[in-house]
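Single-structure report; data block below.
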Amino acid sequence: MISGEQRRALESVFPGVSSDDNGDTLEEMQYDELTQNIKEQQAKHNQLTWEMKRTFFANFPRRTKLNKELSKLSNQMDNLCRMKEDLLHSLKLSKSDTVKWTVLAKANNLSRKSHGEFLLLTTKKAVAMRRFDEKSNKWETSELRSWLNKEFYLSLSGTQKRMLVAIERRDYESDWLNDIDRTLYNQITNNNPYALNGNRDVAATTELVSLLNTLEVRGLIQGTKNMNLKYRHQAVDWWTNRPYWTSFTGPLSNPGMHINYYNSKFIEYVSYNELLPEKLRFQINGMSVNEVKGVRPIVVINMKLL
């Protein structure tokens, strides 16, 4: 996408872009190792418990040995859980203000009028946990859009601000997906021309800091290492900027009818759950705008200004 030399130069302005890691610190990696260790110990504990039940009325010597193993394993798990809690407390208290970024895409023109070498960046972790708005799912007037382009924008360095390019956001369009736009569009709407009826009034906006729309999430995030988002090392769901809708076919008496459900207080969000089967881990659903979810900003930068 961009050369190693460009990545190294960009790293001094947008930390994180030169590496493929998820931005975890040493403490956070230790936390992950503890979590995995506890899962393995729990699996072993479950197996031993099941074997104890099977030998309850027979094989007394074997049962005695299993009981000792279970007791030892329980003590080990208790110690690991205490270590994990202490480490999590330490992580929550840490005040690391460094926002780490990753490159999602590259384009040589934006909105068919700007020319140059542009990069789309997003953060490796959520920068905050916030509600979308008090009562409306309209991105153009939302509290979250205002916060991103005021408080969050002001937190960027002078060099970062100088490189930013205004982003034009248009409903279900993207400068970053090129030829796969229509394929993804059809996939998401199930080739149903009525699916977006409730959202035809989604306004176009221009801003310096924005959020991904559903089309971009599926085209740029799904299937990559960026699916699982964390905030202070806890996995979190995160907002898109698109109002929530769903469509389904009518009853058996009228199977050709399409019903479009649209709620003006719901917005689409992204969730990723590693505990679910692989095909179900990554999902896009709808949630009330006044719920609190992770915030993952995107910015567009002009490499000529580096």
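Details
- Which of 245, 139 has the fewest Cβ neighbours within 10 Å, and the rest in rising order: 245, 139
- Sites residue 264 and residue 206 - FRET efficiency at Förster radius 25 Å, r taken between beta-carbons, to 0.05: 0.65
- FRET E, pair residue 292, residue 62, Förster distance 51 Å, beta-carbon r, rounded to 0.05: 0.50
- Of 150/230; 135/161; 225/293; 53/230, those spanning more than 29 Å from alpha-carbon to alpha-carbon: 135/161; 53/230
Each reported figure results from applying straightforward, stated rules to the coordinates on display, with no laboratory input. On a predicted model such as this, the values are computed, not experimentally measured, just so you know. Here the Cβ is made from the backbone with ideal geometry for all residues, glycine too, and neighbour counts use every protein chain on show.
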